[in-house]
Each structure stands twice: as C-alpha cells, then as structure tokens.
Number of protein chains: 2
Amino acid sequence: MSAIIAIDIGGTQLRVAVYPRNSTTPIKIQRVPSRGLEDGVFDRLTALIDSVWPDEPVDILCAAVPGPLNPYTGIIIETPNIPAWKNYPLAELLSKKYNVPAYIGNDANLAVLGEWLYGAGKGHHDIVYLTISTGIGGGVICGDKLIEGFRGMATELGHITVIPDGPVCSCGVHGHLEAVASGPAIAKYVCEQIAAGRESSLGCGPLTARQISEAAHQGDELAREAFVRAGEFIGQATADFLHMFNPSIVILGGGVSFSGALLLDPIKDSMRRHVMDKAYLDGLEFTTAKLGDDAGLLGSLAQAHIKLSEK
Amino acid sequence: MSAIIAIDIGGTQLRVAVYPRNSTTPIKIQRVPSRGLEDGVFDRLTALIDSVWPDEPVDILCAAVPGPLNPYTGIIIETPNIPAWKNYPLAELLSKKYNVPAYIGNDANLAVLGEWLYGAGKGHHDIVYLTISTGIGGGVICGDKLIEGFRGMATELGHITVIPDGPVCSCGVHGHLEAVASGPAIAKYVCEQIAAGRESSLGCGPLTARQISEAAHQGDELAREAFVRAGEFIGQATADFLHMFNPSIVILGGGVSFSGALLLDPIKDSMRRHVMDKAYLDGLEFTTAKLGDDAGLLGSLAQAHIKLSEK
C-alpha cells in the first residue's frame, strides 16, 4: 500500500501527516509552531517531512497554504507569517527534493475539497464554503469541479463588495465583506461603539470573536448586536453567492463560525431577505464545517486524491 | 453529413437554423416575430422547425431561452413574452415530437458558450460574459466548463448587490446591478435628473439607451453622466466577478454595450479602482461580444456540439 503526504502551513502550526492511499486516518502526524519560522522555514518543513517519511512508497505530496498562490505553477505569491516565501516555488522545491509529484493549494480551496470528500459536503456537487476568522476566505465547487480561475485566484469570497463606501479592507479596497464581518471587524465595531459611549461588559482592548461571543451569551447587548450586524452583511453576500454559484449547500467554517446561532441565525435571516428567488433556497443546506482543525490536512489529502485520479 | 438544429427564443424574434455538423454557416434559417405568440406558440415553433427540417439526419436540437429555466430537466420556469410557458417542459416536448435529443439553455449561458467556441472568447479557458440590455445577465466559463449550479440558476450576474439600500430590482431585491445599470435604469436616471431640473437635450419620455448614447455623442452632459454612473456600478461589480471567477477575459454583450467608449471607459476605470490586487488585471482581456444578433443561434449550436461530445 502506497502513501500520501499532506502538509498544512497553518497560522499557528506547521503540520505534516502521512496517510495510507485508501484511508483518511493518518499513519503518522507531526507538528511544530509556525511562528518563529521566518528563517530556514523550508529546512524546518523538510525536517518535519523527513520525520514522518514512511517505508511505503509515497505517491504525492500536497500542501495547504494560506494567502495568494498559483496552484498551476506551484508558486506561493505571499503567505502570512513567512515573509521569505514571496514568489516561492514551494511545489517544485518539494518535488525535486523528494522526487515525488508535489502540489500546493489555497487553504480555503483545499478546505472545500476536504469538506466535499470527507465532511459536510459529501454527496453534493455544488458547494459554497465560506471561512470566517481573522480574514474571510472561500472555496467553491461547481459541477464536481473546484473553481480556480485563470491564475488560481478565484473565489476570494471575502473580497466581494457589501458597502461601496464602507471601511477599508485588508486588501486596500473599501467595503468588502472581510472589512465588516471578519473577527477583527466584529471586535472593531464593539470598540467603536464603546468609545462612542455604549455600555458593555467588554472593555475596548484587543478582543477576540470568542470573547465577544461569550459576552453575548451572558446577555451583553452590544456583543449580540455586533454578531447580528456581521450576520446581516454575511447574509447579503451569501445571497450574492447563491446568485453566482447556485450551490446545494453553504458551509461555514473558521473560528468565528463557532459562535453558533448568535451568528448563523442573522446570516440565514439576511440571506433569505436578499435572495432574488426562493428557488435558490429550495433544497439548500446551510451548515457548519465538519473537519475543524483537520481541514488543512484533509484538504491536502483530498487534493492529492483528485490529482492522482486525473493522471 | 448529419445536421444540428439551433433555436433562439428571442425577445423580438423566434429563430430556427439548421447547421451542418461541421460548420457554423447555416444551411437554412427561418424567423418569425416573437410578439403575438402568446397562444399556440409551441405549434408556431414546430411549424418553423418543420419548415427548415433538412434531408440529412438531425443529431440534436438546442434552444436558447431567456429567463429562469432548468437546463438539466429542460423545463422553462418562466420566460418573458410567453406567459403560457410557465414550468414548461420544452426540451421533452421537442425531443418527443422529433425523436431527437433536445436541450434548452439560458440565453446568457449559451451566449458565453458561443463566444467561447466561435467568438471573442476563443482560446480562453476562463470567461466572464456580461450582457447589458433591458436586463443584465451573464454566463461564466471556468476551467473550460460552463458554471450552471445545482438547479442551473448560477451566474445571474445582474443580481449582485452594488448598493445595499439602492433602487428595487426587477427581482424585488434592493440595489442589484440590474436596478442601476440596465438600459431602463440608465433611462430612469436621466428622467429623474430632468424632473429635478437638470438641463438636457433629451425629453423625459420612454428613452432607449441608444437615444441617450446619441445625445451623449452630441455633447449632452447629462446623457454622458448617465453612462459614467452606470459604468461605475458595472466596474464595481466586474471587480467582484474578477475576485469570484478570476477570468482571463471579460466580454460585454447586449444592446447597451454598443454605446462603446462612453460606457466601456468608465467600466474599465471603475474596475481598476475596485480590484483587490493588480494580479487580477495581469493578462486580462476586456472586450465586446462578437456574435451580435447570432448569439442565440450560435450559442445553441455551441451547446449542441458540447452535448454531442459528452455522449
């Protein structure tokens, strides 16, 4: 039985796992913190890969990488926390070192592949996956095919305009979904309202979506309102995604989605109000991601299986 | 040599053409006005098909139909000007009558297939086609595949939100692109401005985009401004489409696109300002549709060839 190596270049951890060709249960898994890896990060990654390298022949290596990259050339354009990886040909370097085909994919795009093959999207052919955490990302499957686009930069779902003259987004453009509904955007709203004199059990410091969620569950009205406001924008954008992609399932992932009904109910309510025709909601599932922390590794595994099946 | 029958259920004409299997030059073509066809329209259509039916064996019939429909079941949900065709199984009825496989497709979706195989999109693998006339529609090809979605209702590009609290769209939702940048929306803006006291060579009656375009070319400032305003919205939406689909070409079709630089320049200018990363513009073509009046027939022909190649 041959093996597959899956790599997850995460915001907090670098993880590598070996899977048997016919299973989603890893044979071995290793991780190191991804902070402090600015120097020599490729050597650290290969040391990690070496440490799990199996006796079985390895068919393929796949890596999930955050940030813009070209999945066709295997070049990372840039990725958070690893400044040295600018226009970095990671796939080629891995492939040469191990003499095995190697691929990289945008983490949100691989996450939707993972949810499709092993998670909440099983059996669906048309999936919109939206991940809400520090940023907002997405991946879309249409007719059993990942939407990648000319340079592999498609489905940047966080960068759809929701308020033309709204706050500046991380990308520099005004009014994108990410600028008003990501974790930091929710925290910023709470701080602004406190600064404007609103009462809250929360202080105006570095707040996480989790802290705001806990405050809301304990009855903090401002905290609750911050999620309703974010949900309103996410629902408006989700209606647009329905009109663009007509999925049979919308899957919400990312840390902010753990806030549960606090966020999901306003999203669903807003989506229903913004949809152009009820036919888009007919048979539509709306659910949260199932793979959680394993999204990166299982997404890479899913990508590996798809690449192997294409050969 | 076998033949293909292409049908175009247009707003002003019902057209049927016979193509040899290996050519885009029709052997025969027939048309009737599509108005006044409320009663007995299926009989009129089949009479038209009968009138062109060739001696050669017919491999397939394909029809381009405006309005929402299900391309998988071949059922028209509804279509303008033919109220009798509500939940109407046109593909099945045609297939039964002629004992030949028959398919229907949304006219904008078939138009992008036509532009891809025979028009402005030749050689591209990722195409966004936007048609601006009475309404705004669209079709998208991603990785050599038409994006259709779960029920075939994807890529309703006119129904993306551009101003959350903007004017009501034909679909009933506020602030969609169609509500602020279609031909009637451009005319409505001119009328509102004249009613508010603005000077213009135009009167405030039933205006067409062509009349406004002519006035603009003759120096009418309000007419020019109306196109700049529409272009600003279309450019903002187009940037969103780049982030969603990352095409290598954007093709503009529909009557309003004939206004030329008057509309295209403001669209391109706005698109460039709204794009999140210049990488989306790198290598991007921006052009007008090539098939013109033949979009429906050639789109149906393209669909026919794709269906035949899938068998």
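Read the figures in this text as sums done on the coordinates, not as results from a lab. Being a predicted model, the structure only gives us computed values, none of them experimental. Note that we place each Cβ from the backbone using ideal geometry, even for glycine, and neighbour counts take in every protein chain shown.
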Q: With a point put 7 Å past each Cα toward its Cβ, work out how far residue A:288 is from residue B:2 in nm, to one decimal.
A: 5.3
Q. When the Karplus curve 6.51 cos²θ - 1.76 cosθ + 1.60 is applied with θ = phi - 60°, which whole-Hz ³J(HN,Hα) does each residue of the stretch A:240-248 get, with x for Gly and Pro?
A. 4, 5, 4, 5, 7, 10, 6, x, 9
Q: Go ahead and set up a Gaussian network model of chain B, Cα springs under 10 Å, then flag whichever of B:139, B:235, B:219 fluctuates most.
A: B:219
(Q) Taking residue A:273 in one copy and the same position in all the others, each labelled 7 Å out along Cα→Cβ, what are the pairwise distances from the first, in nm, shortest first? (A) 2.9
Q.
Whole-Hz ³J(HN,Hα) for each residue in the stretch A:210-227, computed from phi via Karplus 6.51 cos²θ - 1.76 cosθ + 1.60 with θ = phi - 60°, x for glycine and proline: what do you get?
A. 5, 4, 5, 4, 5, 4, 4, 5, 8, x, 6, 5, 5, 4, 4, 4, 4, 6
Q | Long-range amide H partners of residue B:169 with built H, under 5 Å | A | B:174, B:175, B:176
(Q) What is the angle, in °, between the Cα long axis of helix A:295-310 and the longest principal axis of the Cα atoms in chain A? Nearest 10 is fine, range 0 to 90. (A) 50
Q) Shortest first and in nm to one decimal, what separations exist between residue B:309 and its copies in the other chains, measuring from label points 7 Å along the Cα-to-beta-carbon line? A) 2.2
Q | Ranked list, fewest to most other Cβ atoms within 10 Å of each Cβ, for A:220, A:39, B:55, B:269 | A | B:55, A:39, B:269, A:220
Q) How far, in degrees from 0 to 90, does helix A:41-52 lean away from the longest principal axis of the Cα atoms of chain A, to the nearest 10? A) 60
Q.
Just to confirm the number: angle between the C-alpha axis of helix A:261-274 and the first principal axis of chain A, 0 to 90 degrees, nearest 10?
A. 80
Q: Would you mind checking A:96/A:122; B:97/B:145; A:96/A:311; A:28/A:290; A:122/B:96; A:96/A:290 for any pair whose Cα atoms are more than 27 angstrom apart?
A: A:96/A:122; B:97/B:145; A:122/B:96; A:96/A:290
Q. Relative to the other copies, what are the label-point distances for residue A:56, with labels 7 Å from Cα along the C-beta vector, expressed in nm at one decimal and sorted shortest first?
A. 5.4
Q: Quick one: which residues, 5+ away or cross-chain, put their amide H under 5 Å from the amide H of residue B:135? H built at 1.01 Å from N.
A: none
Q | 5 angstrom amide H check on residue A:13, placed H, neighbours 5+ away | A | A:34
**Q.** Alpha carbon convex hull of the stretch A:123-289, projected area averaged over orientations, nm²
**A.** 10.0
Q: From the C-alpha gyration tensor of chain A, pull out the three semi-axes of the equivalent ellipsoid (sqrt of 5λ each), sorted largest to smallest, in whole Å.
A: 34, 22, 17
Q.
Cα atoms only: what Rg and Dmax, in Å, come out for the protein assembly as shown?
A. 26.0, 82
